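Student: Sharing a structure here in C-alpha cells format.
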Amino acid sequence: MVATRYKTAFQLYPYAKVSAQDNAAARHPVVIVGGGPVGLALALDLGQKGTPALVLDDHDGAGLGSKAICFAKRTLDIATRLGAGQPMVEKGIVWNVGKVFHEDHKIFDFNLQPEPGHRNPAFINLQQPYFEKYLVDAIHTAQAAGAPIEIRGRNCVTKLENHGSYSTLTVETPDGPYLLEADYLIACDGARSPLREMMDLSFDGRVFEDNFLIADVHMKADFPTERWFWFEPPFKGAGQSALLHKQPDDIWRIDFQLGWDIDRAHELDPSRIRARVDAMLSSQAGQVPEYTLEWTSIYTFQCRRMEKFRHGNVIFAGDSAHQVSPFGARGANSGVQDADNLGWKLDLVVKGLADESLLDSYGTEREHGADENILNSSRATDFMTPKSELSKTFRNAVLELAAKHAFARPLVNSGRLSVPCNYAGFALFGEDMLAEGPEASRPGMTCPDAPHDEGFILDHLGGGFTLLALGCEAQDVVSHGLTVKALTIPAPSGALAKRYLGDAPQGIFLIRPDQHIIARWSEFDAAAATAALAQAIGKDLSC
C-alpha cells in the first residue's frame, strides 16, 4: 500500500505517472529511497557531477511536525557547495552563542565561532521543511542546466529483491505498482527504514528511559537568538531540564524533560502544556506574551546504528544507518555528512574511475562518524539525567565549579554540538610533510574556511579534487583518468595563512571532493601528489 497522505509544509514533487510504470523494469545507475535532507543532498551532488540519480519518496514533499531545526556550519558549507546554502542562511536564525543555566542562575555562556572570516555561521535554526525546499530548488536549477536528477513523489517501495550486482524494487503508486532496477540502491528512508527491515538487518544500541515534551510556540518575544539550556530549571513543571531556541517565522522550540514514568495522554493535554510554557515565559519575561501552540509531541530517543552501512550494492545513509538523541544536533547534520562522503565515491565508481572497493571506505569512515556521535550523544544524556544520587552529586558539583572556573566548563554537557568529522589516520589519507602546519589543516580534517579574493576559499575548491598551493607554485596532476586542478595563491595572508600554514612559510594541500584534506607537503612534488591521489581513490600503489 502507498503510505498514508500527510500534511506537507511544501508540496515539492507532486505525483505524476511516468512511462516506466507501463513498461518492463528500467535499470538505473543509482536509486535513492527517501526525499529527506540526506537523499536530496546526495541526489544533488551526484547529478551535478553528471551521474544520474533517481529519488523515490513515499510522500510528495516535506512533512509538517517536529523535525530537525539546527544546522551546523559543516552542513551549511556542504549546502553552499551544492548551491543551496545561501537561502538557508538568509531564512534561518543565525546563532553562535549559547547559555547554560542551573536552576535560577546562569553558569556560563559560550561562542561556537569566536573568530571572524567564515562564510557560514556556527549554526542556524531552520525548520527541516525549509532545508528540504531549498535543496529541491537547487535540484531544479541543476536540472535546468542538464543535471540528470529525477524525483518521483508518492512512489513507495514495498518490495526489494537483491541480486548481488543489482536490485529489483517494487514501487507502489496511486496508479498501481511497477518495477525498476538499481545498480546501486541508497537507503535514506529514516530511522524506521523499511529497506533495512526488508533485508532483515539489525539496528542495535541503547534505548534511553526518558520522555521529552516538544512544544513549537508561535509568539513575538524579545529573547535573544541564542541557545538557552537549563539544568533543573526553576519554573514549575519543567522537569529535569529545559531548552529554548528560536526558529524562523516567530516560532520558538521549547523542550521539557519529563522523566520516564509518565502518562503521555495526560502530559499532552493542551492546558497542561500551556501551564508549563506559561511558567517558563513568565520566569524569563516577567509576563506571558500571547502565543499559540503550533505543534506538540512527546518523544523518547535511542542511540543505535547498523553494524555495517554497506551491504553490497545496497548502502545505508542518515537515520536509516544510525540514530542519536537530538541533543547536540547530530542527526540531520551527520546524515548530510554521509551524503557528502558517499557522493564523490559513488560517482567515481559508477563512471568506472575507481574500483567498487572504494565504497567500503564510506562505511569505514561514516561508521566511525556514527560512533563518535553516539558516544557524545550518550554522554550528554547521562550528564543531563543522572542515574544515581552519586552521579547527580558529581553533576551538580561540576555545574557549581563551572559557574566560577573556566577549567570546569568543558565538563558540562548539555549536548556537545555537531562538529565536522575527522578522518585522520584512515586508509585514504596520505602524508603529512608540513611540519609547522596547524592541526586544522592536517590530513583527515575538513578544509578550514577563510576570506579569499572578495569571497571565501571554500568557494574556490568546488566539488572535485584540488591541489591548493599557498605561497608556492603547483601544476595540475592528471592520473587514473582524473584531473586534479591546481589552485595557486602566491601570497596568502591573514586567516587563510593562519588556518592552513600556521608557522610554515608555504604549503601544498591535496583536497578531496568532499573538502577533506588528503595530504600536505612543504613544496610541490608531482610524484607524491600522484601517489596520494591513487591512495585517496583506493588504488593499489603496487600495481
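Student: Scan segment 220-234 for residues that are surrounded by fewer than 19 Cβ atoms within 10 Å (Cβ to Cβ) and more than 19 Å from Leu112 (Cβ to Cβ) and jot them down.
Tutor: Lys220, Ala221, Asp222, Glu232, Pro234
Student: Sticking with this one: Would you point out the residue of segment 35-56, among those that are touching a strand residue (DSSP E or B) at 6+ places or on another chain (Cβ under 7 Å) and part of a loop (DSSP other than H, G, I, E, B), that is surrounded by the most Cβ atoms within 10 Å (Cβ to Cβ)?
Tutor: Top of the filtered list is Gly35.
Student: Further question on the same structure: Here are Arg305, Arg253, Arg274, Arg330: which of them is free of Cβ contacts under 8 Å to residues at least 60 places away in the same chain and either within 23 Å of Met199 (Cβ to Cβ) or basic (Lys, Arg) (or both)?
Tutor: On the way: Arg305 fails: free of Cβ contacts under 8 Å to residues at least 60 places away in the same chain; Arg253 fails: free of Cβ contacts under 8 Å to residues at least 60 places away in the same chain; Arg330 fails: free of Cβ contacts under 8 Å to residues at least 60 places away in the same chain.
Just one listed residue meets the conditions, Arg274.
Student: Evaluate the following for Leu375: is it part of a helix (DSSP H, G or I), of a type in the set (A, V, I, L, M), modelled with pLDDT of 95 or more and more than 14 Å from the chain's Cα centre (by Cα)?
Tutor: On the way: part of a helix (DSSP H, G or I): yes; of a type in the set (A, V, I, L, M): yes; modelled with pLDDT of 95 or more: no; more than 14 Å from the chain's Cα centre (by Cα): yes.
Here the answer is no, as Leu375 does not meet what is asked.
Student: Would you pick out the residues in segment 350-397 that are among the hydrophobic types (A, V, I, L, M, F, W, C), surrounded by 15 or more Cβ atoms within 10 Å (Cβ to Cβ) and free of Cβ contacts under 8 Å to residues at least 40 places away in the same chain?
Tutor: So in segment 350-397, the residues among the hydrophobic types (A, V, I, L, M, F, W, C) come out as 350, 353-354, 358-359, 370, 374-375, 380, 383-384, 390, 394, 397.
From what's left, surrounded by 15 or more Cβ atoms within 10 Å (Cβ to Cβ): 350, 354, 358-359, 370, 374, 380, 383-384.
Selection gives Phe383 alone.
Student: Counting just the residues of segment 248-307 that are of a type in the set (Val, Ile, Thr) and assigned to a helix (DSSP H, G or I), which one comes out surrounded by the most Cβ atoms within 10 Å (Cβ to Cβ)? So that I can check it myself, show each step before the final result.
Tutor: Let us first name the residues in segment 248-307 that are of a type in the set (Val, Ile, Thr), namely 251, 254, 262, 273, 277, 288, 292, 296, 298, 300.
Restricting the remaining residues to those that are assigned to a helix (DSSP H, G or I) gives 273, 277.
Numbers: Ile273: 21, Val277: 24.
The extreme case among them is Val277.
Student: Among the residues of segment 201-210, are any assigned to a strand (DSSP E or B), modelled with pLDDT of 90 or more and in contact with a Lys or Arg (Cβ under 9 Å, 6 or more places away or on another chain)?
Tutor: Our first condition is that a residue be assigned to a strand (DSSP E or B); within segment 201-210, this holds for 204-207.
After this cut, where a residue has to be modelled with pLDDT of 90 or more as well, the list is 204.
With in contact with a Lys or Arg (Cβ under 9 Å, 6 or more places away or on another chain) added as a condition, the list becomes 204.
So far as segment 201-210 goes, yes, one or more of its residues are assigned to a strand (DSSP E or B), modelled with pLDDT of 90 or more and in contact with a Lys or Arg (Cβ under 9 Å, 6 or more places away or on another chain).
Student: Working only within segment 293-343, note down all residues that are within 20 Å of Leu135 (Cα to Cα) and either more than 18 Å from the chain's Cα centre (by Cα) or of a type in the set (A, V, I, L, M) (or both).
Tutor: Those that are within 20 Å of Leu135 (Cα to Cα) and either more than 18 Å from the chain's Cα centre (by Cα) or of a type in the set (A, V, I, L, M) (or both): Ala317, Ala329, Ala332, Val336, Ala339, Leu342.
Student: Going by what's in this entry, would Arg512 be described as in contact (Cβ under 8 Å) with a residue 12 or more places away in the chain, of a type in the set (Lys, Arg), within 24 Å of Leu358 (Cβ to Cβ) and touching a helix residue (DSSP H, G or I) at 6+ places or on another chain (Cβ under 8 Å)?
Tutor: yes
Student: I've got another one for you. Could you list, in sequence order, all residues of segment 127-158 that are in a loop (DSSP other than H, G, I, E, B), modelled with pLDDT of 95 or more and not charged (D, E, K, R)? Outline the logic, then answer.
Tutor: Our first condition is that a residue be in a loop (DSSP other than H, G, I, E, B); within segment 127-158, this holds for 127, 145-148, 153-155.
Next, from what is left, pick out any that are modelled with pLDDT of 95 or more: 145-148, 153-155.
Within segment 127-158, Ala145, Gly146, Ala147, Pro148, Gly153, Asn155 qualify.
Student: Of the residues Tyr184, Tyr166, only one is more than 20 Å from Asn23 (Cβ to Cβ) and at pLDDT 95 or above; which? Spell out how you get there, then give the answer.
Tutor: On the way: Tyr166 fails: more than 20 Å from Asn23 (Cβ to Cβ).
Checking each option against the conditions leaves just Tyr184.
Student: Out of Glu172, Glu181, Glu197, I need the residue that is surrounded by 18 or more Cβ atoms within 10 Å (Cβ to Cβ) and more than 30 Å from Asn396 (Cβ to Cβ). Which one?
Tutor: Numbers: Glu181 fails: surrounded by 18 or more Cβ atoms within 10 Å (Cβ to Cβ); Glu197 fails: surrounded by 18 or more Cβ atoms within 10 Å (Cβ to Cβ).
Just one listed residue meets the conditions, Glu172.
Student: Tell me the strands (runs of 3 or more DSSP E) entirely within segment 445-527 that contain at least 3 residues that are surrounded by fewer than 20 Cβ atoms within 10 Å (Cβ to Cβ), at pLDDT 95 or above and hydrophobic (A, V, I, L, M, F, W, C).
Tutor: Numbers: elements: 466-470, 477-479, 482-489, 507-511, 517-521.
Correct list: 482-489.
Student: Identify, please: which residue in segment 145-197 is charged (D, E, K, R) and in contact with a Phe, Trp or Tyr (Cβ under 6 Å, 6 or more places away or on another chain) and is, among those, farthest from Val350 (Cα to Cα)?
Tutor: Looking only at segment 145-197, we keep the residues that are charged (D, E, K, R), and these are 150, 152, 154, 159, 161, 172, 175, 181, 183, 189, 192, 196-197.
Then drop every residue that is not in contact with a Phe, Trp or Tyr (Cβ under 6 Å, 6 or more places away or on another chain), which leaves 154, 181, 183.
Details: Arg154: 27, Glu181: 15, Asp183: 9 Å.
If we take residues in segment 145-197 being charged (D, E, K, R) and in contact with a Phe, Trp or Tyr (Cβ under 6 Å, 6 or more places away or on another chain), then Arg154 is farthest from Val350 (Cα to Cα).
Student: Still on this model: Mind checking which residues of segment 220-248 are among the charged types (D, E, K, R) and out of contact with any helix residue (DSSP H, G or I) (no Cβ under 9 Å at 6 or more places or on another chain)?
Tutor: Matches in segment 220-248: Lys220, Glu226, Arg227, Lys246.
Student: Within segment 414-441, take every residue that is among the charged types (D, E, K, R) and surrounded by fewer than 16 Cβ atoms within 10 Å (Cβ to Cβ) and give me the one that is farthest from Ala72 (Cα to Cα).
Tutor: Filtering segment 414-441 for residues among the charged types (D, E, K, R) gives 416, 431-432, 436, 439.
This time we only want the ones that are surrounded by fewer than 16 Cβ atoms within 10 Å (Cβ to Cβ), so: 436, 439.
Details: Glu436: 29, Glu439: 21 Å.
So, considering only residues that are among the charged types (D, E, K, R) and surrounded by fewer than 16 Cβ atoms within 10 Å (Cβ to Cβ), the one farthest from Ala72 (Cα to Cα) is Glu436.
The values are calculated or read from the model by the stated rules, or taken from the named source; none is laboratory data. All figures in this text were calculated on a predicted structure; none of them were measured in a lab. In this analysis, Cβ positions are derived from the backbone assuming ideal geometry, glycine residues included, and neighbour counts consider all displayed protein chains.
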